[in-house]
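Since every read-out is calculated from the coordinates, none of them should be taken as a lab result. Note that this is a predicted model, so its numbers are computed, not measured. Positions of Cβ are generated from backbone atoms using ideal geometry, with glycine treated the same way; all protein chains shown enter the neighbour counts.
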Amino acid sequence: MALIKCKECGNDVSNTAKACPNCGAKVPKSSGCSTTIIVVLVFFILFLVGLSTCSDRNPRRSYSSSESRLSKSPEDITAQCFDEAGLKENDPSHKITPAEMNKVLECSARYIKK
């Protein structure tokens, strides 16, 4: 048994009373912990169901070792694209211009689209 405040007069009232003894206002019934726990469990179950249905829609494709999205390794593609642009891949003395970098990026984009 706990004491709660009456919403009408502010007097202390037992939570098991049907009405306030001071003013006669009805005492609201408490929902209790069991109702709160049930609501939380229902939302948790719905969340888990939502996760399982989302993961089924977009299955990720895994590539075997014999199957690859790229015909060459990324290192080979980078080296070839730098060669096509007329650049040395590891030349710290040369600053790459935006135009040269665009050539390298366009070249590497061709390999990704294949």
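Based on the Kirkwood approach, the hydrodynamic radius assigned to the stretch 74-113 is 10.2 Å, with every pair of different Cα atoms included. Comparing ASN102, CYS81, PRO92 along the charge dipole axis of the stretch 74-113, the residue lying farthest to the positive side is ASN102, per the Cβ-charge model. Compute the label zone of ASN22 within the stretch 1-15: residues whose backbone N is under 17 Å from the point 7 Å along Cα-to-Cβ. Residues 2-15 qualify, since their backbone N sits under 17 Å from the label point.
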